[in-house]
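Okay, structure first, notes after.
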Amino acid sequence: MSDRHGQLTLFMPDYPGVTPAFDQDLAKAIELSALDVQARFKAGLAKALKASPLSREQIADRVNAMFGSAGSSYKVSPAALDRWAAPSDTSHNCPGFVIPALCLVLESFEPLQTLLIPLGLSIAGERERALMILGESQILAKKLTRKRRRALEALAEMGL
């Protein structure tokens with residue numbers, strides 16, 4: 001997923017050709033009540049809708065245009081947006097496949113972030129990704145420095 005600021009990714013190490021393993025310890029530590037994200041999602045969506053300069057009609061039109069350009073006939077209405085964001089309306093929930101389009105139109109990842117929090121995940125932008133790579137590089141450099149020092153010590157002991 002990207003926005004006008006560049007590439008976004010889940011805040012997880014990203015190694016070419018390696019799929020991150022599911023963290024069994026984290027899965028065991030998550031309380032089932034934390035997985036009830038309906039109220040949090042609705043609050044996050046309401047916050048993003050309120051912060052948007054677009055009207056509900058404009059938001060629905062832009063989401064529908066995105067679905068239409070992808071070949072989907074799915075339609076979002078302004079009333080559906082209101083129901084999905086209403087904390088008292090527990091019978092109407094935003095379909096998961098609509099969330100990416102909403103995030104892009106609203107220019108907010110708040111709704112998606114509310115779903116990631118119980119899993120111990122976070123959305124990271126370019127800055128966070130660069131910091132993560134820097135940290136990983138520093139750890140690797142430290143390991144290589146230790147390895148080099150040990151090799152030099154071994155050579156010194158051999159008199160070489």
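The values are calculated or read from the model by the stated rules, or taken from the named source; none is laboratory data. The model shown is predicted, which means the values in this text are computed figures rather than measured ones. Quick reminder, even Gly has a Cβ in these numbers, built from the backbone with ideal geometry, and neighbours come from all protein chains shown.
Side notes on the structure shown:
- Pairs where the first residue, in the range 50-67, is closer than 14 Å to A101 by Cα and the second is in a loop (DSSP other than H, G, I, E, B) and not polar (S, T, N, Q), C-beta under 6 Å, 6+ apart: A60/V76; V63/V76; N64/K75; N64/V76; F67/Y74
- Qualifying residue in the range 53-65 (condition: under 21 Å from the mean Cα position of the chain (by Cα), of a type in the set (S, T, N, Q) and at negative phi): no
- Qualifying residue in the range 86-102 (condition: β-branched (V, I, T) and at pLDDT below 95): yes
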